[in-house]
Amino acid sequence: MLTIRPPSDIVPSEITPREQYLTRREFIAHAAMGSAAALIGTGIGTAQAEQVSGRIEGYRAAAPIGEEATPFKDASSYNNYYEFSTDKYSPAGMAGRLKTRPWQVQVDGEVAKPRTFGIEDLLKLPQQERIYRMRCVEGWSMVIPWIGFEFSQLAQLVQPTANAKYVEFITAQQDTMPGIRMSILDWPYAEGLRIDEAMHPLTLLTVGMYGQLLPNQNGAPVRLVVPWKYGFKSAKSLVRIRFTSKQPGTAWNKAAANEYGFYSNVNPQVDHPRWSQATERRIGEFRKRPTLMFNGYADQVAGLYTGMDLNKNF
Amino acid sequence: MKALSYAKALVFLLCLGPLARLIALGLMEELGANPIEVVTRSTGTWAMVFLWIALAVTPLRHWTGWHVLLDVRRMIGLFSAFYALLHLTTYLWLDQFFDWVAIGHDILKRPFITLGMGAIVLMLPLAITSTDRMVRALGARRWVALHKLTYAAAVLAACHYLWLVKRDLSQPLIYAVVLLLLLLARLPLYLKRRARRSPARRAGAAAGSTVRPATRPVA
Ligand code: HEM
């Protein structure tokens, strides 16, 4: 399956995103792919909407994992992005308004060299493709070829101190996001990982998927991807990464602590209080398939949790 | 009479609209990334919408005096049951593939499904007893009594929806509030009827009043 090469093995490669701005007409066509509700919500009159898109070049391609990638159309039209809408079909039509340039990510907290990265800085890091399964807590899954870099590469640049026990990830809040006017979650969206989870070679910061820059609804311009945890842990459109000594609060945990734990590892044996997690529907497939422990990454990550009661630390 | 049957035909076609739309989208492969979820949700939503419309007929009729509404109520109620059955079939067949063990597990794990089942179990006898022959066989009084189950089915359906959403309660709350309003709208009618039915008892209960049939709602 997936082979993880040590960082020394990574060939530095340049990436030259061909940033192209959608014309107004293309944007409308794009919006029309969403639901009617999304279309109304796009406020097409505000034509300054510009989605930065384009192919990423020079990344190191991934070896196939023996599972077919979800069609790009599905992966980019069926998105949980509550800052835009609680309806999964709507963000595709609305997120075009998200302003992704200029974009900065502040990295601070328990680090020796706090630093604010421009998105251009992150795009210059050596990029690689990783084909990961993505399992949503709602019971569906996809297979997505991400493009990005290991989180640990970013950590190296800021040098976490010995006090750094956790990492907090914070999503943007813009007035392009109508969803944050509703108090469904405690905005801004915040997620967290234990430092060893964050530094695990499977944990990525991604800037692209399917060979292209991330579509806005998928979390452009940079998002976290933690493949052995439920999808909501992989926070989108990051503006701040903070190394902390204490476990940070996380959005879904604050919303319903009995339903969404801090760890939220994919685990078919620990059900959500209101539904089973034993099976999942792979998008594009008809019949449900069994859900795998740690989403199939048990060999790589089970060691992070030895001695822990996963029923309690769900 | 002719106008009425045209109107009925039109309502019939309108009620088929949601199904036609699903079929059309399905044929064009436009049902989105998760078609089974879309079909489940769409049929569930329309079962609920038609049930709510059927419940709106009585208050509307009293306010507007449009008694013709009664003529389409049965059809709308039946369409509600029809979409509920499609909804159930989608779940049993497309979602679970008749895997009864999984279904049993799902019901235990997702109590909202039990509520939905309760709603369907209440709706089916109503659908079955909606032919003229059945109404006659039952007698109007018993038929009316039986059809009071509609309220229970609607409450169960509203709870079914409230319980299943992940976080954003706004949609199911809208349905619950509308249902509450629909039920409240019946209260004056109910009180009026009750007053008419037992004027002696009610008047007698009010101490010192002379026994006189109440002609207005006592509320
Ligand atoms: C045995 C009976 C029933 C079963 C097994 C059932 C099952 C389900 C399931 C699995 C969902 C989807 C949940 C999700 O997507 O997360 C759902 C949604 C729904 N159901 Fe049912 N249901 C039943 C009866 C009913 C009835 C009788 C009504 C209405 C009269 C109803 C109305 C709804 C509505 C409104 C939704 C939500 C649609 C949405 O999300 O937009 N259900 N039901």
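Mind listing which GluC sites (Glu not before Pro) in segment B:1-89 are in a DSSP loop and have 12 or fewer other Cβ atoms within 10 Å? Walk me through the numbers before you get to the answer.
Numbers: sites: B:E29, B:E30, B:E37; in loops: B:E29, B:E30.
Hits after loop and neighbour filter: B:E29, B:E30.
Within segment A:222-260, report the trypsin sites (Lys or Arg not before Pro) that DSSP leaves as loop and that have at most 15 other Cβ atoms within 10 Å. Write down the numbers at each step before the final one.
Values: sites: A:R223, A:K229, A:K233, A:K236, A:R240, A:R242, A:K246, A:K254; in loops: A:K236, A:K246.
In loop regions of segment A:222-260 (DSSP not H, G, I, E or B), the sparsely surrounded trypsin sites (Lys or Arg not before Pro) are A:K246.
Is there a pair in A:K73/A:K233; A:K99/A:K254; A:K288/B:K109; A:K233/A:K288; A:K229/B:K109; A:K99/A:K233 whose C-alpha atoms are over 25 Å apart, and which pairs would that be?
Checking Cα-Cα distances, A:K99/A:K254 exceed 25 Å.
Hey, got the dipole for segment B:2-186? About the Cα centre, +1 on K and R Cβ, -1 on D and E Cβ, debye to the nearest 20? Can you show the working numbers first?
Working: 17 positive and 9 negative charges, 187 e Å.
Dipole of segment B:2-186, to the nearest 20 debye: 900 debye.
Rounded to the nearest 5, what % of DSSP beta bridges with both residues in the protein assembly as shown are antiparallel?
Numbers: 42 of 49 bridges.
That works out to approximately 85 percent antiparallel.
Where a ≥ b ≥ c are the square roots of the eigenvalues of the C-alpha gyration tensor, would you call segment A:63-305 rounded, which needs a/c under 1.5, or, failing that, prolate if a/b is larger than b/c, or oblate?
On the way: a/c = 1.29, a/b = 1.18, b/c = 1.10.
Taking the square roots of the gyration eigenvalues as a ≥ b ≥ c, segment A:63-305 is rounded.
In segment B:94-184, which trypsin sites (Lys or Arg not before Pro) are in a loop and have at most 15 other Cβ atoms within 10 Å, using DSSP for the loop call?
Details: sites: B:K109, B:R133, B:R136, B:R141, B:R142, B:K148, B:K166, B:R167; in loops: B:K148, B:K166, B:R167.
Sparse-neighbourhood loop trypsin sites (Lys or Arg not before Pro): B:K148, B:R167.
Just to confirm a number: summing +1 for Lys and Arg and -1 for Asp and Glu over residues other than A:L238 whose beta-carbon lies under 11 angstrom from that of A:L238, what do you get? Before the final figure, lay out the partial values.
Details: positive: A:R223, A:K236, A:R240, A:R242; negative: A:E168, A:E191.
Residues close to A:L238 contribute a combined charge of +2.
Lys and Arg at +1, Asp and Glu at -1: add these up for the other residues within a Cβ distance under 11 Å of B:A54 and post the number.
On the way: positive: B:R73, B:R74; negative: none.
Here the charged neighbours net out to +2.
About the Cα centre of the protein assembly as shown, what is the dipole size in debye to 20, counting +1 per Lys and Arg Cβ and -1 per Asp and Glu Cβ, all else neutral? Walk me through the intermediate numbers first.
Details: 61 positive and 39 negative charges, 741 e Å.
Charge dipole, the protein assembly as shown, about its Cα centre: 3560 debye, nearest 20.
Considering the options A:N216, A:S77, B:Y161, tell which one lies farthest towards the positive end of the dipole of the protein assembly as shown, charges being +1 on Lys and Arg and -1 on Asp and Glu at the Cβ, about the Cα centre.
Positive-most Cα among the choices belongs to B:Y161.
Tell me the accessible surface of B:T45 in square angstrom (1.4 angstrom probe, heavy atoms of protein chains only), to the nearest ten.
50 Å²
Give me the net charge of B:E29's neighbourhood, meaning all other residues with Cβ under 12 Å from the Cβ of B:E29; Lys, Arg count +1, Asp, Glu -1.
On the way: positive: A:K73; negative: A:D74, B:E30.
Charge balance in the 12 Å sphere: -1.
The values are calculated or read from the model by the stated rules, or taken from the named source; none is laboratory data. For clarity, every value in this text was computed on a predicted model and none was experimentally measured. Don't worry about glycine lacking a Cβ; one is built from the backbone with ideal geometry, like all the others, and counts go over all protein chains shown. Just so you know, the surface numbers come from the protein's heavy atoms only, side chains and all, with ligands and any DNA or RNA stripped out. Shrake-Rupley method; radii C 1.70, N 1.55, O 1.52, S 1.80 Å.
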